[in-house]
1. Going by what's in this entry, would Gly331 be described as of a type outside the set (Asp, Glu) and surrounded by 13 or more Cβ atoms within 10 Å (Cβ to Cβ)?
2. Restricting to the stretch 148-164, count the residues that are at positive phi and out of contact with any Ser or Thr (no Cβ under 9 Å at 6 or more places or on another chain).
3. Among the residues of the stretch 263-299, which ones are more than 19 Å from Glu213 (Cα to Cα) and touching a residue at least 40 places away in the same chain (Cβ under 8 Å)?
4. Inside the stretch 36-48, can you point out the residues that are closer than 20 Å to Ser76 by Cα and surrounded by fewer than 20 Cβ atoms within 10 Å (Cβ to Cβ)?
5. Give Asn176, Asn152 a once-over and let me know the one that is over 20 Å from Val48 (Cβ atoms) and part of a strand (DSSP E or B).
6. Given the condition more than 21 Å from the chain's Cα centre (by Cα), of a type in the set (Lys, Arg) and surrounded by 14 or more Cβ atoms within 10 Å (Cβ to Cβ), answer yes or no: does some residue in the stretch 268-285 qualify?
7. With within 30 Å of Pro330 (Cβ to Cβ) and either surrounded by fewer than 21 Cβ atoms within 10 Å (Cβ to Cβ) or over 17 Å from the mean Cα position of the chain (by Cα) (or both) as the only criterion, which of Ala74, Ala97, Ala56, Ala52 stands out?
8. Within the stretch 292-334, which residues are acidic (Asp, Glu) and either farther than 16 Å from Ser249 by Cα or more than 25 Å from the chain's Cα centre (by Cα) (or both)?
Amino acid sequence: MKQALFWIKKKDKTVQCHLCPRNCIIKDKERGNCRVRENKGGKLYSLVYGEACAVAIDPIEKKPLFHFLPGSTAYSIGTAGCNLHCKFCQNWTTSQANPEDVYTDKLPPSEIVKNAVESGCKSIAYTYNEPIVYYEYVLDTAKLAKKKGVKNVIVCNGFINQEPLLELCKYIDAANIDLKGFTDKYYKEITGAWLQPVLDTIKTLYEKGVWVELTTLLIPTLNDDPETIKKMCRWIKDNIGPDVPLHFSAFYPCYLMKNLPATPPETVLRAREIALEEGINYVYAGNIKVENEGNTACPKCGEVLITRNWFSVDENKVKNSKCSCGHKIPGVWE
């Protein structure tokens, strides 16, 4: 166990966690909404520090990050727990589990960094469940990784308070934020959270110079309405500009949402068209096999610069962050 960050003492050994917008008030011997932060005698502890239940070497494209060190690998870790409760979660066996109910490996921050360096990974990805709930583990690992020249990536729901986010921004190089929908109704009914803190997180990451990409999983009848997608794209363009890579991903029945059909490819492609029409320059279609929809093209001259086959890069023509026509292609390329 590791004593947690971002909490305050209340009366009668009660504490209040200030890591995420839930601001859970937690009595002695009880846990917060995420299941992995426990009050022990009036102090808050992380139950998942150094306890990895998922470890893999992944292509960075799998996160998905398409404008961040393309073709490289990321040493990826995850733990139990999450502060959202998405009914469609693909990793629900760990994200919605108590830490004592999943198998874990003892993996301290120093060993993660050592393994990443030895395996030739250019980055460490904090992913699979929700890195916010294993914040202390992420922070300590990211600090060590930074010293060794290894970059840090979070794949994150964005549901975090500003103070801990600002501290994390000092050590994180890239983030893929799941912008799960664009209405409070959807967030509350499907994820158990609310939208505004996620939007605040996206803006803060962008303002602090963290490379940001966004992913929206399109679920039939729930968040695939063209008008809502237009509003979301307009917010993105107005608040963080037209160059943020936006990934639309197809839903497949899972967890508590096996009653809905998979997202038709044409729905994902229509969302991509809408985003391009609204002025987003880099829009990708995921979880569907459609030729060229994962490629990166120059928005100025149209040249295909990066050719992808699912999560592999077949060709990368981006040189010195530019297209051959001289147009700057935003991203982290080396």
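The values are calculated or read from the model by the stated rules, or taken from the named source; none is laboratory data. Since we're looking at a predicted model, the values are computed, not measured. Cβ: placed from backbone, ideal geometry, glycine included. Neighbour counts: every protein chain shown.
1. Answer is yes for this residue.
2. 1
3. Hits for the stretch 263-299 are Thr263, Pro264, Thr267, Arg270.
4. none
5. One residue alone meets the criteria, Asn176.
6. Yes, there is a match, as at least one residue in the stretch 268-285 is more than 21 Å from the chain's Cα centre (by Cα), of a type in the set (Lys, Arg) and surrounded by 14 or more Cβ atoms within 10 Å (Cβ to Cβ).
7. Matching residue, one of Ala74, Ala97, Ala56, Ala52: Ala56.
8. Glu303, Asp314, Glu315, Glu334
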